[in-house]
Structure formats: structure tokens, C-alpha cells
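**Student:** First the structure, then my questions, so here it is.
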Amino acid sequence: MRWPSGANANPPLDIRAWEAWTSRPADVAVVFTTRNNWENIAFNDWPMSDFRPESYSGLLSVAQPLFPKTGNENACARGDYDAYWAGFGQTLARNGRPDAIVRLGWEFNGDWFWWYPRDTGTWKACFARAVTQIRSTAPAVRIDFNVSAHRDRMPNGDDVWAAYPGDEYVDIVSSDAYDSYPPSRTREDFDQQCAMQSGACTVAWFARTHGKQFAVPEWGLVRADDHGGGDNPLYVEKMYDLFGRNQDILAYEAYFSTADPRNVRSSLINPPLNPVAAQKYLELFGARPAAAANR
């Protein structure tokens, strides 16, 4: 690949199976901590312990909430959680990942996670405080400010970009982009949704204008019965084009593959729920003979 490309990798999901299927190394593994309490968020070695450099040499992107469900942005902004975030930096270092990418408060502009902003200014202060503390013990960490596509306004009514905490607290600006709300049934559909205020194309533009790297930590298909495009190879093709246009600033991208009936049902392998799109993915993202790759 011309850029770092990978997949979601929370154990027991096997990143090696993804590598075998694509016939190339997975350059990045996207993982999620257990987020039910501070002990698991800040101090638990899992899942980082499964991706120590000696067992996985690629990039590690860790999704982290700003606080557990019992917390709130006001306490965070006051500094009540400083010790936890400094501890998390130590957890990264202890597991050989002091330079991990941390996707802090990901998808904050949706209402499905509890850490979305109530008061945007307070939320930004919370974000900045967490970043400062993580960096105090893991100075090489890279902070990923992550927007969910197709949600131009946050639940509190503010514009999605009102939550940007400032360039000094962000290294990567990223988008989670799924083929839903609306699905991209035509190229024009894709271009239209990508150019939304929260669309992946706008996120790439924002990253570029702020001198930041761009990423897509989660992207994938969505089952047709959940406002998605189903087995849609066009979406795979258009995402590939987006990555190619922005490869000079693309920190990483990762396909989110799941067969969970409660989730988007984006799986390309084990089981192959979207066989036509899977073939397109292999054609574009899989290993190819040198002659074909150089055409």
C-alpha cells in the first residue's frame, strides 16, 4: 500500500487472519479499551499487551473515552481525572507503546456515546487537560481528534468544528466514515456526503489547512436494513480514491470488519458477508504483483 492500512483488531479478533487474506502486513491495528471504569480505561494493560512491538510491529491506534459513564466533562475540566490520564500514558509506555495513536473521545458529535459535549467550551477544556496529562508520561503519543461522518451538529446543537480544542492538542484529525446516513449508491452520492461539514473530505481539508495528518480509523459497509448500502463495492472504490488523493498527509486508515448482528455487519471475511465488496477490496487494497502495482 502507498499509505498505512489496517483493520480493527480487538482480541479475540485475529489481525493475522486479515493479513493472510490481504496477503500483506496490516500496517495499523485499531483497538478499544474496556471503558466501564477508570481502572480499565487508564491502568489495564489489555488490549495494548497483545500488541507489544515484539509481537506486532505496526502502528497501534487506541480508542479512549474521555471518562467512564459515571464521569462528566466538568470534573474532567477541573482536573479531577488528571492522575488517571497520566497513568494511562504510563500504561502505554509499560506495554512498549509510548508512541501510540490515541483516539480520544472518538465520535463525540454523535449521541451514542456518553462523552459528547454538553457545554462545548467545558468539553474542550476537558480534552486539552487529558492530552496534557497523557503527554506528561508518554510525550511521543499522537492525539487523534476523531469526527463521525454525517453528523454536522453535535447533540447540543453546536457545529461539529466548534469542539476542536486547538492545534496544540491535536496531531491527527480523523473521520469514522461508514456507508450509511446516507449510503453512497452513486458516485454523486458519495461526493455529496463526503463534502458535508462532517464528511471525510471536509475532515481531510480541515487537517490539511491546520497542518495536521489525516486518518480514517474506521470505515466500512453497513447492512442495507440499517440505512446502509449493503454489499457496495462502489463505496470501497471511492474510499480508495479518497485515500489516494490525500496520501501525502494520510496517517492511517483501517477497515472496520464485523459480523456482529447488532453492529454494521461490514465483514469481508470470517464470514464473508459482503462478497462483491470483498473482491473489490482485495483488488484495490490487497497485495498485487509488482507489474500490476506499477501500471
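Read the figures in this text as sums done on the coordinates, not as results from a lab. Just so we're clear, the structure is a prediction, and the values are computed from it rather than from any experiment. Here the Cβ is made from the backbone with ideal geometry for all residues, glycine too, and neighbour counts use every protein chain on show.
**Student:** In whole angstrom, how far apart do the alpha carbon centroids of the range 3-31 and the range 217-274 sit?
**Tutor:** Spelled out, the Cα-based centre of one part sits 14 Å from the other.
**Student:** Using the charge dipole of the chain (Lys, Arg: +1 at Cβ; Asp, Glu: -1 at Cβ; taken about the Cα centre), state which of 162, 114, 279 has its Cα farthest towards the positive end.
**Tutor:** The residue sitting most towards the positive pole is 279.
**Student:** Read phi for every residue in the range 167-176 and hand back ³J(HN,Hα) as whole Hz from Karplus 6.51 cos²θ - 1.76 cosθ + 1.60, θ = phi - 60°, with x for Gly and Pro.
**Tutor:** These are the phi-based 3J(HN,Hα) values: 4, 5, 10, 9, 10, 10, 10, 9, 10, 9 Hz.
**Student:** Dipole of the chain (Lys/Arg Cβ +1, Asp/Glu Cβ -1, origin at the Cα centre): which of 36, 9, 234 lies farthest to the positive side?
**Tutor:** After comparing all options, I get 9.
**Student:** Separate question: Using modelled amide H (1.01 Å from N, peptide plane; none on Pro or chain starts), what sits under 5 Å from the amide H of residue 174, excluding residues fewer than 5 places away?
**Tutor:** Answer set, sorted by chain and number: 145, 146, 147, 215.
**Student:** Semi-axes of the equivalent ellipsoid of the chain: what are they in whole Å, largest first, if each equals the square root of 5 times a C-alpha gyration tensor eigenvalue? Please report the intermediate quantities before stating the final value.
**Tutor:** Working: eigenvalues 174, 99, 62 Å².
Semi-axis lengths for the chain are 30, 22, 18 Å.
**Student:** Now for a different question. Quick query: amide H of residue 103 versus all other amide H atoms, modeled in the peptide plane; which residues come in under 5 Å with a sequence gap of 5 or more or a different chain?
**Tutor:** For residue 103, whose amide H was placed from the backbone, the distant partners under 5 Å are 62, 63, 64, 144.
**Student:** Pick from 260, 50, 159 the residue whose mean-square fluctuation is largest in a GNM of the chain, springs joining Cα atoms under 10 Å.
**Tutor:** Highest fluctuation among the options: 260.
**Student:** Can you give the helix-only mean residue ellipticity at 222 nm for the chain, where every DSSP H stretch with n ≥ 4 adds -39500 (n - 2.57) and the sum goes over all residues, rounded to the nearest 500 deg cm²/dmol?
**Tutor:** Details: 9 runs with 91 residues, N = 295.
Roughly -9000 deg cm²/dmol at 222 nm, from the helical runs in the chain.
**Student:** To test your reading of the geometry: what angle, between 0 and 90 degrees and rounded to tens, separates the Cα axis of helix 120-137 from the longest principal axis of the chain?
**Tutor:** With both axes taken from Cα atoms, the answer is about 90 degrees.
**Student:** Let me ask something else. What is the fewest-to-most order of 103, 262, 35 by other Cβ atoms lying within 10 Å of their Cβ? Numbers along the way, then the final one.
**Tutor:** Numbers: 103 25, 262 6, 35 18.
With the sparsest Cβ surroundings first, the list reads 262, 35, 103.
**Student:** Here is a follow-up. Only counting other Cβ atoms within 10 Å, I'd like 252, 116 sorted with the fewest neighbours first. Could the numbers behind the result be given before it?
**Tutor:** Values: 252 25, 116 21.
The most exposed by this proxy come first: 116, 252.
**Student:** In degrees from 0 to 90, rounded to the nearest 10, what is the angle of the helix 233-245 Cα long axis to the longest principal axis of the chain?
**Tutor:** Taking Cα atoms only, the helix is inclined about 60 degrees.
**Student:** Determine the dipole magnitude for the range 149-295: charges of +1 sit on the beta-carbon of Lys and Arg, -1 on that of Asp and Glu, nothing else is charged, the reference point is the Cα centre, and the result goes in debye to the nearest 20.
**Tutor:** Using only the charged Cβ atoms, the result is roughly 420 debye.
**Student:** Indicate, rounded to the nearest 5 percent, the antiparallel portion of the DSSP beta bridges found entirely in the range 5-293.
**Tutor:** Numbers: 2 of 35 bridges.
Antiparallel: roughly 5 percent of the beta bridges in the range 5-293.
**Student:** What is the helix-to-structure angle for 275-285, meaning the angle in degrees between its Cα long axis and the longest Cα principal axis of the chain, kept from 0 to 90 and rounded to the nearest 10?
**Tutor:** Once rounded, one gets 80 degrees.
**Student:** Roughly how many whole Å is it from the C-alpha centroid of the range 130-171 to that of the range 85-102?
**Tutor:** 18 Å
**Student:** I would also like to ask the following. Amide H of residue 254: which non-local residues (sequence gap of 5 or more, or other chain) have their own amide H closer than 5 Å, using H built in the peptide plane?
**Tutor:** 6, 216, 218, 219
**Student:** Could I ask something else about it? Exposure proxy check: 39, 107, 19, 253 ranked by fewest other beta carbons within 10 Å? If you can, show how the numbers build up before the last one.
**Tutor:** On the way: 39 12, 107 21, 19 17, 253 31.
Arranged by neighbour count, lowest to highest, 39, 107, 19, 253 become 39, 19, 107, 253.
**Student:** Which one of 209, 33, 120 has the biggest mean-square fluctuation once the chain is modelled by GNM with Cα springs under 10 Å?
**Tutor:** The residue with the greatest mean-square fluctuation here is 209.
**Student:** Still on this structure: Could you give the length gained on full extension between residue 276 and residue 159, defined as 0.36 nm per residue of separation minus the Cα-Cα distance, in nm? It would help to have the intermediate numbers written out before the result.
**Tutor:** Working: separation 117, 0.36 × 117 = 42.12 nm, distance 3.67 nm.
Taking residue 276 through residue 159 to full extension adds about 38.5 nm, to one decimal.
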